[in-house]
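Peer 1: Have a look at this one.
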Amino acid sequence: MKIRCPSCDAEIAIEADQRVLICPYCGTPIIVEKSGTLILERIIPDLSREAALDTYRGFFPDGKIGDIKLEYIPYYRLEKNSDVIFIPGKMGLPPSFKYHKPQGDRVTLTENFPAPEISLTKALELAKLEKVENASVIYTPFYTDRERNIYIDGVTGKVVKEPVVEGKSSRDHLVFLAYLVAGLLAIAIPVTWLRIALPLGISFIPLLRRKLG
């Protein structure tokens, strides 16, 4: 089969199952989709690993942090009517990624990064678009610790997904459970003063636990 390079418009013969290639005429990395061919680019990270670690430590004052690594996550960059929409090309990311807009200087991709897990057709569907004027795949840098589920933008330093801090979740569940029990007791107890005093007493337990640490 034959495709056209989205950069130099040269006609290129490829294998039917070939998805990622480099244009033999202009050297542009290309990804082949059913909906068309796209240029592959990479954003240059501005944030140092040390700066990312400082941000990471801010969530864990006790200093007990894991290791972070630089990871590139693909985004589809879709242009239509001067508007630009970014759609994450990787599956299993936290929901906050769909609101994140990659920033930074872009260069032609020279590394052998894996192709997006989501197709261009699916990206257009998620963006609620049928066609676009321009489309490309941009690999965006993040400092990540997948065990603690933290993602820090490698350009802006913005925390796209905060880590789950141990203990916080269990305290929140305790508060919810205490108020639930208080509400049920208020309905079940027939004596008026007990219906008021007992639920109020239970509801203050989580607050006291927080103050005591």
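Peer 1: Suppose we filter segment 129-150 for residues that are free of Cβ contacts under 8 Å to residues at least 12 places away in the same chain and touching a strand residue (DSSP E or B) at 6+ places or on another chain (Cβ under 9 Å); how many remain?
Peer 2: Selection size over segment 129-150: 1.
Peer 1: Starting from residues that are among the polar types (S, T, N, Q) and either modelled with pLDDT of 90 or more or touching a Pro at 6+ places or on another chain (Cβ under 6 Å) (or both), keep the ones in segment 122-153 and report whichever is farthest from Ser82 (Cα to Cα).
Peer 2: Asn149
Peer 1: Here's another thing I want to ask about it. Just one of (1) surrounded by 13 or more Cβ atoms within 10 Å (Cβ to Cβ); (2) in a loop (DSSP other than H, G, I, E, B); (3) touching a residue at least 24 places away in the same chain (Cβ under 8 Å) trips up Cys26, so point out which.
Peer 2: Exception for Cys26: condition (3).
Peer 1: Among the numbered criteria (1) farther than 19 Å from Asp105 by Cα; (2) surrounded by 13 or more Cβ atoms within 10 Å (Cβ to Cβ); (3) under 24 Å from the mean Cα position of the chain (by Cα), which one does Pro6 miss?
Peer 2: The single condition Pro6 does not satisfy is (3).
Peer 1: Quick check on segment 62-78: of everything there that is in contact with a Gly (Cβ under 8 Å, 6 or more places away or on another chain) and among the hydroxyl-bearing types (Ser, Thr, Tyr), which residue is nearest to Asn134 (Cα to Cα)?
Peer 2: For segment 62-78, the residue satisfying everything is Tyr76.
Peer 1: Scan segment 6-23 residue by residue and report those that are among the charged types (D, E, K, R), farther than 15 Å from Asn134 by Cβ and not in a strand (DSSP E or B).
Peer 2: The answer is Glu15, Asp17, Arg19.
Peer 1: Against the definition (out of contact with any His (no Cβ under 8 Å at 6 or more places or on another chain) and not assigned by TED's automatic domain parsing to the domain that holds Arg146), how does Pro45 come out, yes or no?
Peer 2: Considered against the rule, which asks whether it is out of contact with any His (no Cβ under 8 Å at 6 or more places or on another chain) and not assigned by TED's automatic domain parsing to the domain that holds Arg146, Pro45 comes out as no.
Peer 1: Do we find a residue being under 19 Å from the mean Cα position of the chain (by Cα), closer than 27 Å to Pro29 by Cα and exposed (fewer than 15 other Cβ atoms within 10 Å of the Cβ) anywhere in segment 46-68?
Peer 2: no
The values are calculated or read from the model by the stated rules, or taken from the named source; none is laboratory data. Only a predicted model underlies this, so the values are computations on that prediction, with no experimental measurement involved. Positions of Cβ are generated from backbone atoms using ideal geometry, with glycine treated the same way; all protein chains shown enter the neighbour counts.
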